[in-house]
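Since the structure comes first, as structure tokens, the remarks are kept for the end.
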Amino acid sequence: MTRLLPVIYLLCSAPLFLKAQNKNTAPPLAYHLGWDGKSAILQVSLDYMPANKDSTVFIYGDLNFGGQKEIFNVLQNINTKDKIKLTPRERKITVYHTGAGPTKISYTINGQLVGNPKRATVDELFRPLITPNILYLVPQFFMINPVGHPASEASIQWDTFPAGLPYFMSTAAGAGPAVKQTITLKQEQDVLMLMGANLVINTYKVHGIPYYSITSKSDTINNLKAELKPFFELYFPGLRDFWKDNEAPYYYISVLPLLSIDKPWATGYSQKHGFVMRYSGKFDDDKKRVLAHETSHSWIGNNMQIGNDEFDNQWFGEGFNDYVTMINLVKSGIQDKAAFLGYVNKNNLHDHYSSQVKNAPNDSIAAKFWIDKNYQTLPYKRGFIYAFYFDNQIRLASGGKLSIRDFLLTLFKRNRQIHAANPAANLTLDDYIAAASKFIPKKQVRNEIQTYLIKGKPLDFKTIRLIDGFKMNYHDSIPVLSIGKTINLKKIYAQ
């Protein structure tokens with residue numbers, strides 16, 4: 001039986017500070033922030049012009065962003081001059097206006113560290129994290145933007161903050177917290193805000209593009225500056241060369257230690273112009289692959305998406321991106337042939353072909369993604385394995401003159417055409433098929449998508465030819481890749 005959460009009514013009061021606005025305009029939503037640097041509490045107030053005289057509905061949090069079902073709990077001490085109704089299950093605040101003109105709602109965000117090692121990677125990435133001398137925010141963590149409101153922008157102003165702490169806001173790198181910033185509401189999940197005593201912020205140039213690195217002095221077992229240097233000198237330039245793309249205003253990576261877990265671990269997520277990572281333990285090859293994978297999402301996943309729902313064709317968004325990641329890690333020299341084989345065989349072929357859900361259809365993934373790790377990794381491995389196969393088929397069909405890169409550049413060109421007409425539009429499966437058909441027969445493309453990626457049948461490498469030097473053998477029904485000793489893998493993937 002479903003337990004219904006109660007609806008709570010409150011009647012509070014707070015002064016108004018906004019001057020009257022023209023009712024025909026839609027000024028930015030004005031967020032004011034305050035933090036003392038010691039507590040776990042962020043003080044927030046929002047000045048806004050109601051879209052109608054009766055009421056305004058606010059929704060806090062996004063379950064698609066980390067699956068945080070309990071996120072509404074961090075929103076506390078809601079205060080306004082009007083009557084409000086809280087509907088926690090729907091993460092909803094309804095304000096019933098008693099007067100006309102601009103108004104204000106204030107509240108606090110409790111960013112206390114949960115400290116549960118079993119949930120550390122979720123709690124420290126997908127909810128506000130505020131502890132003494134450490135603040136981690138995505139604007140979505142404190143914004144309660146009104147539903148159906150005509151405003152398209154939000155201003156962010158720090159009214160109180162601890163002096164002297166290093167500060168980074170991704171859309172205004174170099175600016176201090178005293179400088180008011182304005183973002184579009186569509187950006188709120190793609191803006192990183194950090195403040196902390198141990199933050200180290202370094203600036204690089206990659207093909208003339210500003211790249212920012214945010215690390216922490218609290219990590220005493222790794223030399224992160226040295227570990228990350230090859231990425232800025234080799235991997236990031238290589239990615240931009242791979243895509244023939246030097247169009248970006250800036251990029252940033254935030255690589256910070258996990259606070260509530262000490263076993264070796266790494267996780268992260270990609271933003272439009274950056275990557276947010278949390279880790280623990282030695283910054284080893286696995287962590288470098290996480291960093292490489294997420295930063296590679298600037299193209300597949302962020303810029304190029306097939307379908308309107310990220311789960312529709314996640315085999316492309318995650319799996320193809322993962323294969324491109326390994327190509328460029330090898331090309332840059334950060335990963336060698338042994339590391340490549342280990343990742344293909346252990347992390348992909350073995351884990352996928354021994355998985356109990358390897359035959360699960362694509363449309364079953366979304367419902368179980370956040371509750372079953374087998375389903376979480378399924379589109380990654382399925383897509384990676386198919387991308388590896390597809391790359392081999394293009395190389396064979398072209399006599400070694402073309403590769404998966406040529407297909408992806410064709411698809412990227414189509415993606416740019418689509419975005420030029422409608423920036424909000426995404427690629428379709430038909431766009432993918434049309435681009436792939438330039439390299440292998442169209443009928444084959446359609447059949448393979450349906451068979452291997454939609455219906456979920458694993459590829460049978462006993463019947464598949466690979467390029468010279470690549471060989472697939474089966475051990476206990478699991479395919480294992482070997483590469484000839486004389487094969488220069490770096491040279492192959494440099495093409």
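Given (1) open to solvent by 70 Å² or more (accessible area, probe 1.4 Å); (2) in contact with a helix residue (DSSP H, G or I) (Cβ under 7 Å, 6 or more places away or on another chain); (3) at pLDDT below 95; (4) not small (Gly, Ala, Ser), identify the lone condition not met by residue 362.
Checking residue 362 against (1) open to solvent by 70 Å² or more (accessible area, probe 1.4 Å); (2) in contact with a helix residue (DSSP H, G or I) (Cβ under 7 Å, 6 or more places away or on another chain); (3) at pLDDT below 95; (4) not small (Gly, Ala, Ser), the one that fails is (1).
Run down 234, 256 and say which single residue is closer than 30 Å to residue 415 by Cα, at pLDDT 95 or above and either open to solvent by 10 Å² or more (accessible area, probe 1.4 Å) or part of a loop (DSSP other than H, G, I, E, B) (or both).
234
Answer yes or no as to whether residue 369 is within 21 Å of residue 290 (Cα to Cα), modelled with pLDDT of 95 or more and in contact with a helix residue (DSSP H, G or I) (Cβ under 9 Å, 6 or more places away or on another chain).
no
Do we find a residue being over 23 Å from the mean Cα position of the chain (by Cα) and touching a residue at least 60 places away in the same chain (Cβ under 8 Å) anywhere in segment 365-382?
no
Any idea which of (1) among the β-branched types (Val, Ile, Thr); (2) closer than 15 Å to residue 59 by Cα; (3) open to solvent by 20 Å² or more (accessible area, probe 1.4 Å) is the one residue 144 doesn't satisfy?
(3)
Pairs needed: first member in segment 300-318, over 16 Å from residue 423 (Cα atoms); second member anywhere, open to solvent by less than 20 Å² (accessible area, probe 1.4 Å) and in a strand (DSSP E or B); C-beta distance under 6 Å; at least 6 residues apart or different chains.
Close Cβ pairs (under 6 Å, with a partner that is open to solvent by less than 20 Å² (accessible area, probe 1.4 Å) and in a strand (DSSP E or B)) amount to 313/306; 316/306.
Can you tell me how many residues in segment 404-455 are part of a loop (DSSP other than H, G, I, E, B) and within 25 Å of the chain's Cα centre (by Cα)?
6
Can you tell me which residues in segment 389-403 are in contact (Cβ under 8 Å) with a residue 24 or more places away in the chain and in a loop (DSSP other than H, G, I, E, B)?
398, 400, 402, 403
Show the residue pairs meeting these rules: Cβ distance below 7 Å; 6+ apart or different chains; first residue within segment 446-459 and at positive phi; second residue open to solvent by 50 Å² or more (accessible area, probe 1.4 Å) and not aliphatic (A, V, I, L, M).
Close Cβ pairs (under 7 Å, with a partner that is open to solvent by 50 Å² or more (accessible area, probe 1.4 Å) and not aliphatic (A, V, I, L, M)) amount to 456/359; 456/361.
Residue-wise test of (1) over 25 Å from residue 182 (Cα atoms); (2) under 30 Å from the mean Cα position of the chain (by Cα).
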site	(1), (2)
52	no, no
62	no, yes
70	yes, yes
80	no, no
83	yes, no
95	no, no
103	no, no
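Which condition from (1) surrounded by 17 or more Cβ atoms within 10 Å (Cβ to Cβ); (2) under 15 Å from residue 439 (Cα atoms) is the one that residue 400 breaks?
(1) is the only condition that residue 400 fails.
So that you can scan it fast, the table gives a plain yes or no per residue for (1) farther than 18 Å from residue 268 by Cα; (2) among the hydroxyl-bearing types (Ser, Thr, Tyr); (3) crowded, with 17+ Cβ neighbours inside 10 Å:
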site: 104; (1), (2), (3): yes, no, yes
site: 118; (1), (2), (3): no, no, no
site: 121; (1), (2), (3): no, yes, yes
site: 148; (1), (2), (3): yes, no, no
site: 151; (1), (2), (3): yes, no, yes
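Would it be correct to say that residue 163 is in a loop (DSSP other than H, G, I, E, B), on the phi < 0 side of the Ramachandran plot and open to solvent by less than 30 Å² (accessible area, probe 1.4 Å)?
For residue 163, the condition - in a loop (DSSP other than H, G, I, E, B), on the phi < 0 side of the Ramachandran plot and open to solvent by less than 30 Å² (accessible area, probe 1.4 Å) - is not met.
Going by the structure shown, is residue 424 among the small types (Gly, Ala, Ser), surrounded by fewer than 17 Cβ atoms within 10 Å (Cβ to Cβ) and farther than 23 Å from residue 364 by Cβ?
Taking the combined requirement at face value, the residue satisfies it.
May I ask you to list the residues in segment 210-231 that are over 18 Å from residue 285 (Cβ atoms) and surrounded by 17 or more Cβ atoms within 10 Å (Cβ to Cβ)?
The answer is 211, 212, 213, 214, 215, 216.
So which of 440, 433, 418 ends up being farther than 22 Å from residue 354 by Cβ and in contact with a Lys or Arg (Cβ under 9 Å, 6 or more places away or on another chain)?
Of the residues listed, the single one that is farther than 22 Å from residue 354 by Cβ and in contact with a Lys or Arg (Cβ under 9 Å, 6 or more places away or on another chain) is 433.
Quick check on residue 111: is it modelled with pLDDT of 95 or more, open to solvent by less than 20 Å² (accessible area, probe 1.4 Å) and under 27 Å from the mean Cα position of the chain (by Cα)?
yes
Only one of these conditions is not met by residue 444: (1) at pLDDT 95 or above; (2) under 14 Å from residue 392 (Cα atoms). Which number is it?
Evaluating residue 444 over (1) at pLDDT 95 or above; (2) under 14 Å from residue 392 (Cα atoms) leaves (2) as the failure.
Which one of 191, 179 is loosely packed, with under 15 Cβ neighbours inside 10 Å and part of a loop (DSSP other than H, G, I, E, B)?
Being loosely packed, with under 15 Cβ neighbours inside 10 Å and part of a loop (DSSP other than H, G, I, E, B) holds for just one of 191, 179, which is 179.
Name the pairs: first residue in segment 139-150 and assigned to a strand (DSSP E or B), second residue not β-branched (Val, Ile, Thr), Cβ to Cβ under 6 Å, at least 6 apart or on different chains?
146/58
Mind counting the residues in segment 86-102 that are in contact (Cβ under 8 Å) with a residue 24 or more places away in the chain and open to solvent by 50 Å² or more (accessible area, probe 1.4 Å)?
So the answer is 5.
Restricting attention to segment 445-472, report how many residues are under 30 Å from residue 364 (Cα atoms) and either basic (Lys, Arg) or exposed (fewer than 14 other Cβ atoms within 10 Å of the Cβ) (or both).
Result for segment 445-472: 10.
The values are calculated or read from the model by the stated rules, or taken from the named source; none is laboratory data. As the structure is a prediction and not an experimental result, all values here were calculated from the model. Because the Cβ atoms are built from the backbone with ideal geometry, glycine has one as well, and the counts that use them run over all protein chains shown. Just so you know, the surface numbers come from the protein's heavy atoms only, side chains and all, with ligands and any DNA or RNA stripped out. Shrake-Rupley method; radii C 1.70, N 1.55, O 1.52, S 1.80 Å.
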